[in-house]
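The values are calculated or read from the model by the stated rules, or taken from the named source; none is laboratory data. Just so we're clear, the structure is a prediction, and the values are computed from it rather than from any experiment. Backbone-built Cβ (ideal geometry, glycine too); neighbour counts: all protein chains shown.
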């Protein structure tokens, strides 16, 4: 696959994931304790034999840039292998990226320099396992100008996706980006065929189409809204059904674009048989290597109940460097370098790196962002009125989110929080 250039769109703002995206781009949001969301796209590339990768960044890129530089520079540049971060450079005009197609167009010089046979374009903010090699091979066998990865979705979900219509040979005959009227959406057995935002372009065709779109008056310079519909009219465009490498009964692909969808996708990982298998060594998910010590669980008093000083975690993931020091953790994702102090109880929660939870604190159904300190005896997730008074975010399904850098004041009336 040395004749393929991969371009990952990783500049998304992720506004529906705020406050987790207040200080970082969506692809940089932690997932599963020790990963970032972008690790799944990058791992799929490496596992597929793709070694020429450009990550196009834009919105609050510092966290993402640091992560990629610390964890994804193990390839051999002398052999033409790399994962490079590419911020907006204003090579063509003085504006930031105006859309997905414009992001590629503004970096068209990189395509010209590499001169690949095909260009793989994908998003850096989805959770899934996929072998891109088989998609690229199918693209070449059909002599396609563009191949679009797709999967079936229910009609009530169709309004969130680009929806395709195909013929018996999988040639795309129609495409509507996020249709408002889902009742008239083409469907089969109550399901519509949705684009996954994963594209394989013939390089020369991509070059011509992007240049054409760049000069089109009124274009929003978006693949789904502008480039793809135009290509369907006079190009050779095919659909490619999602081939899942997760090795489960049903295909796994998650957008995690809201707090609730993000919470559910994480909490699935603690099940005995989760939908997403992170332990499959045939398709590993990589991330930045760490040299932390192992997690530690200390104090082991006998007995039952919250007043027993015993460091324990059940039905949970606990990452390296964390210390459960006499506290109780149940159904949680605990990231690296977290400390849960004596008699604290943390349930159904996601705790990011470097969080400290004080003695006798009670945490339930809460996402705590990086570096937050929870004072002793504070209760969070038990009374949403109090949590809102503290300034915390509450999702539609009642997940409390404490933003990065939030200072939780244990002495204020109603536990009111003061932002640092």
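In the set 292, 369, which member is over 28 Å from residue 395 (Cβ atoms) and under 29 Å from the mean Cα position of the chain (by Cα)?
Matching residue, one of 292, 369: 292.
When you check residue 366 against the structure, is it out of contact with any helix residue (DSSP H, G or I) (no Cβ under 7 Å at 6 or more places or on another chain), closer than 29 Å to residue 36 by Cβ, surrounded by fewer than 17 Cβ atoms within 10 Å (Cβ to Cβ) and outside the structural domain of residue 35 (by TED's automatic domain parsing), yes or no? No; evaluated as a whole, the condition is false for this residue. Among the residues of the stretch 57-107, those identified as within 25 Å of residue 286 (Cβ to Cβ), in a loop (DSSP other than H, G, I, E, B) and at pLDDT 90 or above are 57, 72, 81, 107.
Entry remark, the stretch 333-357: residues being in a strand (DSSP E or B) and out of contact with any helix residue (DSSP H, G or I) (no Cβ under 6 Å at 6 or more places or on another chain) number 11 in total. Of all residues in the stretch 218-235, exactly one satisfies the criterion of being part of a helix (DSSP H, G or I), in contact with a helix residue (DSSP H, G or I) (Cβ under 9 Å, 6 or more places away or on another chain) and surrounded by fewer than 18 Cβ atoms within 10 Å (Cβ to Cβ), namely 230. Taken over the stretch 22-34, residues that are out of contact with any strand residue (DSSP E or B) (no Cβ under 9 Å at 6 or more places or on another chain) and surrounded by fewer than 21 Cβ atoms within 10 Å (Cβ to Cβ) amount to 2.
Check the stretch 243-250 and report whether any residue there is at pLDDT 95 or above and not in a helix (DSSP H, G or I). Scanning the stretch 243-250, I find no residue that is at pLDDT 95 or above and not in a helix (DSSP H, G or I), so the answer is no.
Residue-by-condition table, conditions (1) in a loop (DSSP other than H, G, I, E, B); (2) over 25 Å from residue 131 (Cα atoms):
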| residue | (1), (2) |
| --- | --- |
| 153 | no, no |
| 164 | no, no |
| 196 | no, no |
| 206 | no, no |
| 213 | no, yes |
| 216 | yes, yes |
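Would you tally the residues in the stretch 141-157 being more than 23 Å from the chain's Cα centre (by Cα) and free of Cβ contacts under 8 Å to residues at least 40 places away in the same chain?
2
Just checking, which of 360, 330 is part of a loop (DSSP other than H, G, I, E, B) and more than 18 Å from residue 20 (Cβ to Cβ)?
Of 360, 330, the one residue that is part of a loop (DSSP other than H, G, I, E, B) and more than 18 Å from residue 20 (Cβ to Cβ) is 360.
Residue check, residue 297 against (1) part of a loop (DSSP other than H, G, I, E, B); (2) modelled with pLDDT of 90 or more, all met but one. Which one? Among (1) part of a loop (DSSP other than H, G, I, E, B); (2) modelled with pLDDT of 90 or more, the lone unmet condition for residue 297 is (1).
For the stretch 369-383, taking the residues that are out of contact with any helix residue (DSSP H, G or I) (no Cβ under 8 Å at 6 or more places or on another chain) and surrounded by fewer than 19 Cβ atoms within 10 Å (Cβ to Cβ), the one that is nearest to residue 319 (Cα to Cα) is identified as 371. Just one of the numbered conditions (1) under 24 Å from residue 115 (Cβ atoms); (2) at pLDDT 95 or above is not true of residue 19: (1).
With 160, 126 as the choices, which residue is out of contact with any strand residue (DSSP E or B) (no Cβ under 6 Å at 6 or more places or on another chain), touching a residue at least 60 places away in the same chain (Cβ under 8 Å) and surrounded by 20 or more Cβ atoms within 10 Å (Cβ to Cβ)? Write out each step before concluding.
Numbers: 160 fails: surrounded by 20 or more Cβ atoms within 10 Å (Cβ to Cβ).
Only one candidate passes the filter, namely 126.
Every residue in the stretch 271-294 that is buried (at least 18 other Cβ atoms within 10 Å of the Cβ) and either over 30 Å from residue 28 (Cβ atoms) or out of contact with any helix residue (DSSP H, G or I) (no Cβ under 6 Å at 6 or more places or on another chain) (or both), please. If the condition is that a residue be buried (at least 18 other Cβ atoms within 10 Å of the Cβ) and either over 30 Å from residue 28 (Cβ atoms) or out of contact with any helix residue (DSSP H, G or I) (no Cβ under 6 Å at 6 or more places or on another chain) (or both), then 276 is the only one that fits. Out of 66, 51, 36, one residue alone is in the same structural domain as residue 210 (by TED's automatic domain parsing) and over 20 Å from residue 132 (Cβ atoms). It is 66.
Of all residues in the stretch 58-83, those that are surrounded by fewer than 14 Cβ atoms within 10 Å (Cβ to Cβ), in contact with a strand residue (DSSP E or B) (Cβ under 9 Å, 6 or more places away or on another chain) and within 23 Å of residue 23 (Cβ to Cβ) total 1.
Restricting the stretch 384-403 to residues that are at pLDDT below 95 and assigned to a loop (DSSP other than H, G, I, E, B), the residue that is surrounded by the fewest Cβ atoms within 10 Å (Cβ to Cβ) is 391.
Scanning the stretch 177-190 for residues that are assigned to a strand (DSSP E or B) and within 24 Å of the chain's Cα centre (by Cα) yields a single hit, 177. For the stretch 163-181, which residues satisfy the criterion of being surrounded by fewer than 17 Cβ atoms within 10 Å (Cβ to Cβ), on the phi < 0 side of the Ramachandran plot and in contact with a helix residue (DSSP H, G or I) (Cβ under 8 Å, 6 or more places away or on another chain)? Answer for the stretch 163-181, where residues must be surrounded by fewer than 17 Cβ atoms within 10 Å (Cβ to Cβ), on the phi < 0 side of the Ramachandran plot and in contact with a helix residue (DSSP H, G or I) (Cβ under 8 Å, 6 or more places away or on another chain): 173, 174, 177, 180.
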